[in-house]
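In what follows, a single structure is set out as structure tokens and then discussed.
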Amino acid sequence: MHFNPQVEQLIQQSLQLTSQGQFANALAGFDQVRKADATYTNDNPQIQFAAGQCLAATGRVEASITAFRRVTELLPSNVAAKLELARLHRRTGNDASAYIELSKALQLEPDNSRGICQMAEHAMDQGDFTTAQTMLDPHITLLRAGASNDVMMVLAFARLAPLADREEEALEMLTRTANNPELSPSVRFALLRAMVVCEDKLGLFSDALEHSKEAHTLTSVSYDPQAHSERVDRLIETWTPDAIRALPRSEHVPGKADVVFVIGFPGSGTTLIERTIGAHPDAIACGELPGLRRIAMHLDTDSAPGVPMLFEPGKLEAEFVENAAKSYMQMVDRVLALLAPGLNPGFVTDKNGMNAFYLPAIASVLPNCRVVHVKRDPADACVTHHLNLFGGAYPYSGNPHSLGSFYRDFERTMDHWRANSEALGVEFHEVQYESFVKDHETTAKGIIEFAGLEWDDTCLNFMGVRPAGRTTCIDEVRMPVFDSHIGRHENYPDIMGSLRSGLDGAAAS
């Protein structure tokens with residue numbers, strides 16, 4: 001307890017806010033405590049643990065790792081902090097550090113169910129599904145017998161099930177667990193998402209669609225497709241060839257890796273393409289980097305919660321562009337330090353699909369860069385996106401008409417940039433998902449050549465274990481290329497009328 005009653009009251013308020021999920025407000029309180037007594041804050045494991053939770057929840061992963069490391073320094077036997085560190089390392093793709101923390105935690109508490117779940121998840125991250133199954137099976141036996149109701153075990157098994165042909169078994173457990181009326185919305189969402197995966201693979205398409213609909217309602221965010229389309233109209237009108245050519249261009253940042261952007265509508269197969277590049281010995285797949293969005297948000301402060309767009313070319317002044325280039329590459333360095341410490345690749349990828357709306361910033365901040373544009377049958381891409389259940393990250397994804405409308409706006413934006421590629425100074429390489437699936441080697445060689453790399457046969461083994469930014473499609477890219485999802489939309493006729501209407505640009509009925 002702090003000797004100053006006012007500081008102690010602030011500590012307790014911030015701890016309570018943390019338990020209530022009000023992480024930003026809790027962080028503000030902890031910051032006041034730190035200013036009042038930095039030594040006490042630094043040496044208090046309870047404050048450090050709670051601050052770590054808040055920092056992680058608000059996306060400040062590096063600071064969160066620092067906080068949890070401090071807890072383990074103060075309390076070396078604190079298993080919870082080690083598990084939090086492992087979770088954060090897995091989140092960034094630093095699997096080696098995650099394994100170290102998990103091993104330490106399970107040495108202290110071998111029967112810790114959360115630790116066992118995370119270690120099994122770690123094994124699945126490496127493509128080692130046999131080890132994961134061996135770890136989970138004793139606990140699955142208890143779940144099946146009704147002797148346990150561990151939700152995290154159910155979810156871990158549900159992730160494994162589609163890769164071990166045990167979907168029916170997992171679906172039964174998921175359904176039983178989801179019937180609990182006291183589940184939090186976030187846990188229920190996770191259960192529903194796992195149910196959709198199993199049901200889709202089992203051919204229970206009506207059930208998958210129904211549970212997808214329910215999951216979308218749990219994370220629904222207000223979205224106006226017409227307003228977004230009007231913003232895209234304005235973006236295209238703003239960036240004429242003359243406006244593009246007038247952009248200031250940053251100097252190349254020496255000693256840094258070259259960036260290859262992989263852009264495509266989420267659900268179009270961008271992860272497969274990125275991992276093909278990332279399998280190369282001189283490349284690292286960094287996943288969905290936030291750098292360009294942050295730059296765009298700085299220039300379009302009125303965009304929240306929509307996609308920020310660059311409507312004022314004059315804001316991209318020379319000094320801003322130079323600072324943005326340095327900031328972006330510093331971000332890449334931080335990601336590499338977390339993802340692949342000690343490695344110095346010549347190339348990295350940035351797979352953020354929403355970068356489609358920031359091409360002028362990319363051309364200005366990283367001139368002469370390369371962009372791989374991944375395309376897929378529009379209906380298949382949209383249905384995949386709808387079923388992937390990304391949560392509130394894509395507010396249009398729950399409504400089939402809005403989803404189709406967003407896809408249409410996405411592609412006409414990319415059409416505009418490709419038509420002005422010479423003015424942008426950006427090279428584009430088109431990759432069709434269906435071609436990648438049907439003629440993997442030829443398509444992969446074209447991608448690697450375009451990226452500026454020498455061909456290496458390891459690029460055909462994108463399923464292999466390589467440092468890579470975490471993605472929701474990680475398990476799919478651990479499997480051989482398959483063509484069962486070509487024509488996937490035909491399994492979901494109930495949403496196709498509304499989806500086609502959005503794709504065709506018709507108004508919502």
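Values computed for the structure shown
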quantity	calculated
Axial C-alpha extent at least 24 Å, average Kyte-Doolittle at least 0.5 - helices from the chain (DSSP)	185-202
Simple label model, 7 Å out from Cα along Cβ direction - ARG91 to GLN32, nm	2.5
Percentage relative contact order, segment 122-218, counting C-alpha pairs under 8 Å, at least six apart	22
The chain: calculated mean residue ellipticity at 222 nm from DSSP helix runs of at least 4, using -39500 (n - 2.57)	-18000 deg cm²/dmol
In nm, spacing of pseudo-spin labels at VAL221 and SER113 (7 Å Cα→C-beta vector)	3.2
GLN46-PHE390 FRET efficiency (beta carbon distance; Förster radius 35 Å; 0.05 resolution)	0.55
Nitroxide proxy distance, nm - points 7 Å out along Cα→Cβ at GLU230 and ASP302	1.1
Environment charge at SER405 (Cβ cut-off 13 Å; Lys +1, Arg +1, Asp -1, Glu -1)	-2
Efficiency of FRET between ASP242 and ARG294 - r from beta-carbon atoms, R0 22 angstrom, step 0.05	0.20
Segment ASN149-THR458, extension gain: residue separation times 0.36 nm, minus the distance between their alpha carbons	107.0 nm
Potential extension, GLU422-ILE100 segment - 0.36 nm per residue separation minus Cα distance	111.1 nm
Ranked list, fewest to most other Cβ atoms within 10 Å of each Cβ, for THR134, THR92	THR134, THR92
Which listed pairs, of LYS326/LYS445; LYS315/LYS375; LYS351/LYS445, have C-alpha distances above 21 Å, in listed order	LYS326/LYS445; LYS315/LYS375
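Rule-based calculations on the coordinates, nothing more; no lab input. Everything numeric here is computed off the predicted structure, so don't read it as measured data. Heads up, the Cβs are rebuilt from the backbone with ideal geometry, glycines too, and the neighbour counts pull from every protein chain shown.
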